[in-house]
Protein chains: 2
Amino acid sequence: MQETETIREICSRKSVRVFSDEPITPQERDTILSSALQAPSAGNQLLYTVIDVTDAQKKAALADSCDHQPFIAQAQLVLVFCANPLKWHDAYRLFGCDPRPLGAGDLMLSVVDAAIAAQNAVTAAWSLGIGSCYIGDILENRETQREILRLPAQVMPAVMCVFGRPAESQLSRPKPPRPALTRMVHENEYRRMDEAALKELLSYHFGTDAFEDRLRAFWQRKYESDFSREMTRSVAEWIKAFSG
Amino acid sequence: MQETETIREICSRKSVRVFSDEPITPQERDTILSSALQAPSAGNQLLYTVIDVTDAQKKAALADSCDHQPFIAQAQLVLVFCANPLKWHDAYRLFGCDPRPLGAGDLMLSVVDAAIAAQNAVTAAWSLGIGSCYIGDILENRETQREILRLPAQVMPAVMCVFGRPAESQLSRPKPPRPALTRMVHENEYRRMDEAALKELLSYHFGTDAFEDRLRAFWQRKYESDFSREMTRSVAEWIKAFSG
């Protein structure tokens, strides 16, 4: 593995969920956001809008609507990266074009734009000593998130990241391991994995002792959870707004 | 704006579509892929699989199926980041769980995981002097991409990136400008933009002279294009496979 300063930082970066009181300065905030905007984007359309949630009540509401995680409200910077093909559609409409309705492709391309930008923010923040955590739960509870953030039906909060300086305890926490490259990278064609290959792959997560018990517990806790079912309901509703 | 080496690289990175002949070494390839795997991921599930396309015929087929862009076939590294909640579903099924069907939420969370990982690869590559370009067109032509990459119905190629050392001409090409932060970042609530605000926002793309003519030409060339309509058809088909 070759190393550059950037690669070292990418590899050392881990999620931070407990923050110190030291604030993020306005200059740091702007640096993080400017780094996000420098991310590549389809046709340089920047198919997203970032909502910077500064209001304490709204932070608390999001902490609640995102699977009841109080640390969200304690973050010093809460950014919601909304997939937003609507602004372009609005512009086309208002400036005399006759645009086709927004469809699933427009949504998906925008979600990718939003996620790429968010990762730039996360990487830039880490290089400033600022930690972050992605909150996938922003995909749940469409109706509540729309109300909190005043979102039109076609502006979807695809990615949420919260930022703050890591508390001491977080810095010593080991980064969860990753599998070997060969298990995550297939050459030329997708190889569907059998029991043995899946166990080998997922052992980075569950180890090899009691693998099956741990997998089953994870399945119950995560995949069959209320929040996971809610996410799928919520996202299906978002997609309906892009049915062309 | 504060600067670190990483932030400087994030901000200088631009898309590269013409590559020199100098190869990407196996060590560089592994560094790029390892950096991707270090990206954060929902529950550390790594809900994606990377397909490293090394076969010349397959590269040529992708160049064709992704809106006929020959430079794709000339890239030294072609990575397709597939959203893949199926491997977990397979593991649950094979190890005695009774998982609910995959739904839209599982797909979307996986797309975000895949995009975040891809951006780590792109950032790591740039720090090694290796350029890259995202190919959004991988979302088109579902049936053809499935055949080329042998993808199951629930493994969606969400993001494709091609890599190579920049040709001289590419290094001198200016990076396309971005709008001011205030136009892309809204505080607390989404502000729907009127004509004036949209013109202000989109002037980074079209300038202010002949704004409307340029917007209309872009609308015709991009939004009403065959490839854009095809993308929306194709993604809608992908989503059908995740209807729960």
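The values are calculated or read from the model by the stated rules, or taken from the named source; none is laboratory data. Remember, predicted model here, so these are calculated numbers, not experimental data. Every residue, glycine as well, gets a Cβ built from its backbone with ideal geometry; the counts of neighbours run over all protein chains shown. Areas reflect the complete protein model, heavy atoms only, side chains present, ligands, DNA and RNA absent. Shrake-Rupley method; radii C 1.70, N 1.55, O 1.52, S 1.80 Å.
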**OP:** Give the stretch A:1-20 a look and list any residue that's touching a residue at least 12 places away in the same chain (Cβ under 8 Å) and part of a loop (DSSP other than H, G, I, E, B), or say none.
**Re:** A:13, A:14, A:15, A:16, A:17, A:18, A:20
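So is residue A:34 among the hydroxyl-bearing types (Ser, Thr, Tyr) and more than 10 Å from chain B (Cβ to nearest Cβ) or not? Reasoning before the result, please.
Working: among the hydroxyl-bearing types (Ser, Thr, Tyr): yes; more than 10 Å from chain B (Cβ to nearest Cβ): no.
So residue A:34 fails the test.
Among the residues of the stretch B:147-157, is any more than 23 Å from the chain's Cα centre (by Cα) and modelled with pLDDT of 95 or more? Explain how you work it out, then say what you get.
Step one: of the stretch B:147-157, the residues more than 23 Å from the chain's Cα centre (by Cα) are none.
Scanning the stretch B:147-157 turns up no residue that is more than 23 Å from the chain's Cα centre (by Cα) and modelled with pLDDT of 95 or more.
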**OP:** From (1) over 22 Å from the mean Cα position of the chain (by Cα); (2) open to solvent by 50 Å² or more (accessible area, probe 1.4 Å), pick out the condition that doesn't hold for residue B:206.
**Re:** (2)
Original post:
Mind checking which residues of the stretch A:55-95 are touching a residue at least 24 places away in the same chain (Cβ under 8 Å) and among the hydroxyl-bearing types (Ser, Thr, Tyr)?
Top reply: A:65
Subject >> Options B:6, B:54; residue that is facing chain A (nearest Cβ under 8 Å), of a type in the set (Val, Ile, Thr) and farther than 24 Å from residue A:160 by Cα >> reply: B:54
Original post:
Residues of the stretch A:201-237 being within 8 Å of chain B (Cβ to nearest Cβ) and aliphatic (A, V, I, L, M), which ones?
Top reply: A:201, A:202, A:215, A:231, A:235, A:236
**OP:** Look at the stretch B:162-196 and say how many of its residues are of a type in the set (Val, Ile, Thr), assigned to a helix (DSSP H, G or I) and in contact with a helix residue (DSSP H, G or I) (Cβ under 7 Å, 6 or more places away or on another chain).
**Re:** 0
Original post:
Restricting the first residue to the stretch B:228-240 and requiring it to be surrounded by 19 or more Cβ atoms within 10 Å (Cβ to Cβ), which pairs with a second residue that is among the small types (Gly, Ala, Ser) and part of a helix (DSSP H, G or I) meet a Cβ separation below 6 Å and a spacing of at least six or different chains?
Top reply: B:231/A:105; B:232/A:104; B:232/A:105; B:235/A:104; B:235/A:105; B:236/A:104; B:239/A:104
**OP:** Look at the stretch B:95-109 and say how many of its residues are crowded, with 21+ Cβ neighbours inside 10 Å and more than 7 Å from every other protein chain (Cβ to nearest Cβ).
**Re:** 2
Subject >> Selection count where residues are more than 8 Å from chain A (Cβ to nearest Cβ) and touching a Ser or Thr at 6+ places or on another chain (Cβ under 6 Å), scope the stretch B:122-132 >> reply: 1
Original post:
Among the residues of the stretch B:147-157, is there at least one that is free of Cβ contacts under 8 Å to residues at least 24 places away in the same chain and more than 8 Å from every other protein chain (Cβ to nearest Cβ)?
Top reply: yes
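Any chance the stretch B:210-226 includes a residue that's closer than 26 Å to residue B:32 by Cβ, open to solvent by less than 50 Å² (accessible area, probe 1.4 Å), out of contact with any Phe, Trp or Tyr (no Cβ under 9 Å at 6 or more places or on another chain) and not in a strand (DSSP E or B)?
To start, the set of residues in the stretch B:210-226 that are closer than 26 Å to residue B:32 by Cβ comprises none.
No, the stretch B:210-226 has no match at all.
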Subject >> Scan of the stretch B:189-200 for residues that are crowded, with 17+ Cβ neighbours inside 10 Å and facing chain A (nearest Cβ under 7 Å), ordered by number >> reply: B:190, B:193, B:198
Subject >> Failed item, numbered, when residue A:177 is tested on (1) facing chain B (nearest Cβ under 8 Å); (2) touching a residue at least 12 places away in the same chain (Cβ under 8 Å); (3) closer than 22 Å to residue B:42 by Cα >> reply: (1)
**OP:** Could you pull out the residue among B:139, B:128 that is surrounded by fewer than 24 Cβ atoms within 10 Å (Cβ to Cβ), touching a residue at least 12 places away in the same chain (Cβ under 8 Å) and not β-branched (Val, Ile, Thr)?
**Re:** B:128
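Table: residues versus (1) within 7 Å of chain B (Cβ to nearest Cβ); (2) touching a strand residue (DSSP E or B) at 6+ places or on another chain (Cβ under 7 Å); (3) surrounded by fewer than 17 Cβ atoms within 10 Å (Cβ to Cβ); (4) within 24 Å of residue B:41 (Cβ to Cβ).
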site	(1), (2), (3), (4)
A:2	yes, no, yes, yes
A:12	no, no, yes, yes
A:26	no, no, yes, no
A:41	no, no, no, yes
A:71	no, no, yes, yes
A:93	no, no, yes, no
A:111	yes, yes, no, yes
Subject >> Residue count, the stretch B:28-54 (criterion: touching an Asp or Glu at 6+ places or on another chain (Cβ under 9 Å) and in contact (Cβ under 8 Å) with a residue 40 or more places away in the chain) >> reply: 13
